[in-house]
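A short worksheet on the structure shown next.
The values are calculated or read from the model by the stated rules, or taken from the named source; none is laboratory data. What you see is a predicted model; the values in this text were computed from it and never measured. Because the Cβ atoms are built from the backbone with ideal geometry, glycine has one as well, and the counts that use them run over all protein chains shown.
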Amino acid sequence: MLRRFGISLEDDLLSQFDSLCRKQGYTNRSEAIRDLIRKALIKKEWLEGKTETTGVVMIVYDHHQYQMAQKMTDKQHEHYTSIIASLHSHLDHHNCVEIILLRGKAKEIQHISDEIISTKGVKYGQFIPATTGKTI
């Protein structure tokens, strides 16, 4: 069911919001507002930590670094119940990017992500929290 509601905004805030909507390619304000609401609900989901969540950790590392590939493989085997997929690609002769999809309780997968990113030899790492979509 679709419901309509109204909101009141100051002119300059609405102008900035409309500009943001255009830059991000939204066809209307409603879609942009729906996305903002979803982001807030996902953030709440993560803060409460009661439901199953998902997220992606991306790392860049030099695979020539001593046993780096083996370290990444070992970490993924260690957390096989939470790591549901991974993608490994070669960026150049030395550097690799690895994208790892995690699923579980927020604290648990955040901990795994932090462990992977803080591994000696990781040049860059970022964790992106997401949702399974069940609650939104």
Residues in region 43-68 that are surrounded by 15 or more Cβ atoms within 10 Å (Cβ to Cβ), touching an Asp or Glu at 6+ places or on another chain (Cβ under 9 Å) and at pLDDT 90 or above total 5
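State which residue is surrounded by the fewest Cβ atoms within 10 Å (Cβ to Cβ) when the search covers only region 73-128 and only residues that are among the aliphatic types (A, V, I, L, M) and part of a helix (DSSP H, G or I). Break it down into steps so the answer makes sense when it comes.
Here is the first cut: in region 73-128, the residues among the aliphatic types (A, V, I, L, M) are 83-85, 87, 91, 97, 99-102, 106, 109, 112, 116-117, 122, 128.
Then keep just the ones that are part of a helix (DSSP H, G or I); that gives 106, 109, 112, 116-117.
Working: Ala106: 19, Ile109: 27, Ile112: 22, Ile116: 23, Ile117: 15.
Top of the filtered list is Ile117.
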Of the numbered conditions (1) loosely packed, with under 13 Cβ neighbours inside 10 Å; (2) outside any helix (DSSP H, G or I), Ala40 fails exactly one; give the number of that condition.
-> (2)
Among the candidates Ile128, Ile117, single out the residue that is among the hydrophobic types (A, V, I, L, M, F, W, C), at pLDDT below 95 and within 29 Å of Ala40 (Cα to Cα).
-> Ile128
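Residue by residue, here is whether (1) in contact with a strand residue (DSSP E or B) (Cβ under 8 Å, 6 or more places away or on another chain); (2) farther than 26 Å from Ser118 by Cα; (3) touching a residue at least 60 places away in the same chain (Cβ under 8 Å) holds:
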{"residue": "Asp18", "(1), (2), (3)": "no, yes, no"}
{"residue": "Ile42", "(1), (2), (3)": "yes, no, yes"}
{"residue": "Asp62", "(1), (2), (3)": "yes, no, yes"}
{"residue": "Gln67", "(1), (2), (3)": "no, no, no"}
{"residue": "Ser82", "(1), (2), (3)": "yes, no, no"}
{"residue": "Ser86", "(1), (2), (3)": "yes, no, no"}
